[in-house]
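Following: one structure in structure tokens, then a few remarks.
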Amino acid sequence: MSLTPFGRDRSEESHAPRSAGGAASGSAGGLTAFIDQGSEFEGKLSFRDTVRIDGRFRGEISSENTLIVGESGEIDATIRSNTVAISGAVTGEVHAARKVVLHKTARVQGNIETPSIVIEEGAQLNGQLRMATGEAKPALKAVAPPPPELRGDKGDKKAGA
């Protein structure tokens, strides 16, 4: 799923499920809920698939998939999600198990914890960034160095060796 267009235009909204039996119950790619500009919510929001917020939300957000904060979105919350794409304003903690994408119009006041982040030029982040996976990484394998002709040190050999 490409997150790049979200927040700048709505060209991918056409990929949202159109039928009652569409991607709402199991697809990781479809937009399953949309909170439009002018809407205001407070409390706890929990969802499984992809949700886009262009309105105001205050409280806690928990997701098993993707949260998209549109350009007009204003979030004051603790966010826990697999992937978070931000084009609007977020105040609070962001915990993403997979990835955070800060588009050029993003304004984040708070800490982000994620193993992977994409920050476009122009995005604002005022807080701490912690890139931890929470999992133990496998030990690195020892690898033999490349032969001298691939290292570029052909002339470094000692004479008579």
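The values are calculated or read from the model by the stated rules, or taken from the named source; none is laboratory data. In this text the structure is predicted, and so the values were computed from the model without any measurement. Quick reminder, even Gly has a Cβ in these numbers, built from the backbone with ideal geometry, and neighbours come from all protein chains shown.
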Hey, among the residues in segment 29-54 that are of a type in the set (Ser, Thr, Tyr) and at pLDDT below 90, which one's surrounded by the fewest Cβ atoms within 10 Å (Cβ to Cβ)?
-> Ser39
Would you be able to say whether some residue in segment 113-121 is surrounded by 15 or more Cβ atoms within 10 Å (Cβ to Cβ), aliphatic (A, V, I, L, M), modelled with pLDDT of 75 or more and closer than 17 Å to Gly73 by Cβ?
-> no
If you scan segment 74-92, which residues turn out to be in contact (Cβ under 8 Å) with a residue 60 or more places away in the chain and over 15 Å from Phe41 (Cβ atoms)?
-> Thr83, Ala85, Ile86, Ser87
In this structure, is Glu71 within 21 Å of Gly127 (Cα to Cα), over 13 Å from the mean Cα position of the chain (by Cα) and touching a residue at least 60 places away in the same chain (Cβ under 8 Å)?
-> yes
Taking interchain pairs and intrachain pairs at least six residues apart, which have beta carbon atoms under 9 angstrom, with the first residue in segment 40-55 and on the phi > 0 side of the Ramachandran plot and the second crowded, with 20+ Cβ neighbours inside 10 Å?
-> Gly43/Phe57
Of everything in segment 85-102 that's part of a strand (DSSP E or B) and surrounded by 23 or more Cβ atoms within 10 Å (Cβ to Cβ), which residue is nearest to the chain's Cα centre (by Cα)?
-> Val100
